[in-house]
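Here the structure is laid out as structure tokens; the discussion comes afterwards.
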Amino acid sequence: VSGVFARIRTYWRGLVRPTELDADMASEMRFHIDMETERLERQGLEPTEARRQAALRFGGIEAHRGAARDALGFTPARGLSVDVKLGLRMLARSPGLTAVALFALTLAIGAGTAYLEFTRDMLHGHMPFPGGDRVVGIVNWDQQTGRPEHRAAYELTQWRGRLATLDEIGGYRLLNRNLITEDGRAEPVRGVAISVAAFRITGTPPLVGRVLDANDERPGAPPVVVLGHDVFSGRFGSDPSVVGRDVRLGADAYTVVGVMPPGFSFPGNHSLWVPLRMPESEQAPLAGGELRLFGRIAPDATLGQAQAEVTASALQLAEAHPGTHRHLRPQVKTFVASRWSAVEDATIQTIVLHATNLFFLGLLALCGANVATLVFARTATRDGEISIRTALGASRARIVGQLFVEALVLSLMAAAAGLAFAYYGLLWAKQVIAAGQRAPVWFWWHDSLSPEAILYALVLAVLAALMVGVVPALKATGPRVQDRLKHASGGSAAGLSFGGVWTAVIVMQAGVTVVFLSLVVTLAWGLFFNNAGDRQLTIPGDEFVVARVNVDRDVVPGAPDPDREQQHRRELRGLYERLAERLAAEPGVAGVGYGSRLPGMNHLSLPIELEGGEAAGADGGLLVRSASISPDLLPTLGARLTAGRAFTAADAAPGRHVAIVDRTFVRTVLGGGPAIGRRIRPVSATREAADGRSYALDRAAADDRGPWLEIVGVVEDLTADVHKHAGDAVVYRPVFADAAWPLYLAVRASGLAPVMWRLRVLATEVDPSLRLDELQTLADVKAADRVAIDFFLRLLAGIGAVALVLAAAGIYALMSFTVARRTTEIGIRLALGADPRRIVFATFARAMAQVGAGVALGSVPAAAIAAGLGPELNVSATPLTAGLICAVAAGTMLAVTALACVAPARRALGIQPVETLKAS
Amino acid sequence: MTSPAELLPGTLDLLILKSVSLGRLHGYAVLLRIEQITGGALHIQQGALYPALYRLEQQGLIASEWGVSDNNRRAKFYTLTALGRQRLRHESAGWNRLAGAMAAALGATPEEV
């Protein structure tokens, strides 16, 4: 043990105070030589001779000190620290290369790490409470339809308390209701009716009051509710006396019995929990509405055993109730997995999710190869240094090791930056997802990076360092290094050349960049131009309050029923009309209207045909956008008619087939001709149904086309853009509120905040079950819709920029290298009076040929991508468009190549023949 | 007097341990002590002593501390640790066995075979 301590002590000294150790060593050896000198003097030698003899007998003091250091095991560590210092110095010496390399590697490592963390959270998210990993979700899959069957109240009654492998089992159903407080304030809240088992599973104690218990589930027990912390702080000012107060959820009264601590949420992001009660009528097979099951695996059981037991029980149910259960097979998965997998067998999804890591490894390989090219070019300029060190006896391993450590310094810096990139990138992605689903992301998604992700980033850094450091180093220190020694004195990179491998790398790089760019251009085109319709309002968005109007619906047993749907819509229309009447009487309200979409929202596409136009095929027709609106919406919005008349209330009646189109429609569809009196009709009812029931069509029409609609008016565009095409033109149809689905309300008012407040109060007064979701200004709607598109546009811009910067850097390195290698030759030719332009051309001919070959090679798949992907994104797929996209990509690449050549070309032209000849 | 024999590999460590076992010594004194106890029969390159000393210290067989020499100079003194004493006993036994075996082998006569 003492031996180990001694070792640690000397190591520690060597690490923290290496100079002190060296000084001690020197002092000890000096003492030795002094003593020996004195002894020799005593034997009669002259002092000078005595000192000479003593030094001779001692031997080389430096060699012995080196051996002593070796004995202490410091040499490799010292070498390493020198290598690290050298690496840092090399990075500082070529800041351009360092910046490009850091940029590329940071992006590749960061993106790979972010993706790994994302899939980890998605597939193996950890429920943040004790035993969270044993929580499972149980989903019945219908073998016949391949779809999940979520009506599971019967299963819950059958399995509760009877399964040995699940010590808890429960169910929940969503409860989206207005939470109405004593002051009349009503706001929709995301809640669940849930088995009290949930609170036993999470084990989280309440912040105030109590959680739900078994008594609350009994029929006839007083209705109680537990509040989430966000509701507690947001609606009740964190006042603990809320416990015991009465609140209403829609039309029903509840007593608050407890408040959960911040961060608590189960099963999803919910803010309110009421006990799940299942009346007798719901306890028959497939009775009741949707009820999702969760459970907890018993401590001594496994997921596999739970699955086996549940399956065995399901087979018994199938035997007992063949009519309903013959095709149902339950699946037990970890709770997180049960939430995301949309198919019964998620193996393929999982494999795809994991396999996508390969894409990011590919990105790293691409970036790494690029940086390796740059590093090789730089290593070439250090050819002399390497040759001389080799001649002085440095082993090849030592030199390769040094270059590897240099690269590792770079890639570790990139990994650190990449981790920061991943961290902030994931935060951003979560914001995008939250904005997209209008709700927070799953509560089990942590913001912090997991240790696995950090380790993965380090592994990627080492891989990158191997690629960036070792490959060029092996090439630079190859067997021919001795031959190159004779060139070393010249200071040029005469001995090294970009051989076949690098030619291939450059050609590939140019090609891949062109493919990448055309992909980016196509995607950006699709995203940017096709969403032109929902950009930049021409009406003042901050003068309107908008909200989606919903009415609470109770869970109704049985399959979906169109008649009930109709009845529900009629009910909603009645409530809306009462609300609109009350609103119109409010001070400050200038107008009220509704629509299935409001300006700035992503309008649905509608294929139409034009009367007297070319006959549309079964699937053909012009694609325009459409909205079903109240007759008074356009005046309410302040939209100006440029021709014809506005809608009248009578226009919304069934059997009246009229439409108003916008100016883009007139310009793109009608070619600027007269619009009033022209007729159009939707051409595909199936397409339309898939669009989400947004058009009140005459279903009695035998063929799958809608009725002819007469254009009665033309309105100014409500969104501005100079790039609009036919796909952005909007057709407005007047409908009653029961035919506008979803039903968005728009209120024009002065002073929006009081109106928002009054709106909620009025809605509650009209009916407590009338809910106003997504209450905001019209200007904010636009922002929320744009977040996802902005995210992808920025991502694409980022990828495009990386591809271009890397390509430019690679070409710049190649050209610089070429000029450096041929300095003498160029000098001589200039001295002989050659035309400088011809020299530049001759110098760059090979490199330009390589880039040109790459661009040509890349253009083929690039054009294929533009042609293949274009139609998916509503970019017209004519050869012209594909060619244009391809040309833009290739042109950009060539422009960047030309730019990258400017500096090396100037350098070549600036070569002074006399200087060059002197140097050689 | 015959010229001093070259040191066999591994013997220097043993000689240092033995010297230090006889008392607290600085590096130069270790050299003198080895010369003294071997009767000057072994040749040691003086500087080579130090890597060996550091190695032994690193292995925890000897310990060092700075002190003052007889002529009042600052010097580093070495002492044997318990671990070093154990190692010395073990190595000495091994060396004696080897020496005995070698002596017996080299002293063998045709009659004995």
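All of the numbers you see were taken from the coordinates with simple rules; none came from a lab. Everything quoted here is computed from the prediction, not taken from an experiment. Don't worry about glycine lacking a Cβ; one is built from the backbone with ideal geometry, like all the others, and counts go over all protein chains shown.
Classify the stretch A:241-371 as rounded, prolate or oblate from the Cα gyration tensor: take a ≥ b ≥ c as the square roots of its eigenvalues, call it rounded if a/c is under 1.5, otherwise prolate when a/b beats b/c and oblate if not.
Values: a/c = 2.64, a/b = 1.33, b/c = 1.98.
Since a/c reaches 1.5 but b/c is at least a/b, the shape of the stretch A:241-371 is classed as oblate.
Mind checking the mean number of beta-carbon atoms from other chains within 10 Å of the Cβ atoms in A:23-29?
Mean shielding by partner chains, rounded to a whole number: 4.
Just the projected area, averaged over all directions, of the convex hull on the alpha carbon atoms of the stretch A:715-765: how many nm²?
Seen from a random direction, the Cα hull of the stretch A:715-765 projects 6.0 nm² on average.
Provide Rg and Dmax in Å for chain B, with only Cα atoms included in the calculation.
Reported Rg and Dmax, both Å: 16.5, 61.
I'd like the mean, over residues of B:26-33, of how many other protein chain beta carbons sit within 10 Å of each residue's own Cβ. Walk me through the intermediate numbers first.
On the way: counts 4, 5, 10, 2, 1, 5, 3, 0.
Rounded to a whole number, the mean comes out at 4.
Of all beta bridges DSSP finds with both residues in chain B, what is the antiparallel percent, to the nearest 5?
Taking every DSSP beta bridge with both residues in chain B, the antiparallel ones total about 80 percent.
Viscosity 0.890 mPa s, temperature 25 °C: what is the translational diffusion coefficient of the stretch A:93-169 from Stokes-Einstein with a Kirkwood Rh over Cα pairs, rounded to a whole number of µm²/s?
In µm²/s, the coefficient is 141.
Express the Stokes-Einstein translational diffusion coefficient of the stretch B:45-96 in µm² s⁻¹, to the nearest whole number, given a Kirkwood radius over alpha-carbon pairs, 4 °C and a viscosity of 1.567 mPa s.
Reported coefficient: 105 µm²/s.
Taking the Cβ of each residue in A:468, A:505 as the centre, tally the other Cβ atoms inside 10 Å and list the residues starting with the fewest.
Exposure proxy ranking, most exposed first: A:505, A:468.
Got the relative contact order for chain B handy, in percent, Cα pairs under 8 Å and 6 or more residues apart?
Across chain B, relative contact order equals 28 percent.
Can you tell me the Rg and the Dmax, both Å, for the Cα atoms in the stretch A:19-147?
That works out to 33.1, 111 Å for Rg and Dmax.
Jot down the per residue volume, in cubic angstrom and as a whole number, of the convex hull over the alpha-carbon atoms of the stretch A:259-334.
144 Å³
Determine, from the Cβ-Cβ distance of residue A:641 and residue A:708 and an R0 of 22 Å, the FRET efficiency 1/(1 + (r/R0)^6), rounded to the nearest 0.05.
On the way: r = 22 Å, r/R0 = 0.98.
Using R0 = 22 Å, I get an efficiency of 0.50.
Of the listed peptides A:669-680, A:177-188, what is their order by residue-averaged count of other C-beta atoms within 10 Å, with the highest listed first?
Listed from highest to lowest mean packing, they are A:177-188, A:669-680.
Quantify how strongly other chains surround peptide B:65-72 by giving the mean number of their Cβ atoms within 10 Å of each of its Cβ atoms.
Going residue by residue through B:65-72 and averaging, the value is 1.
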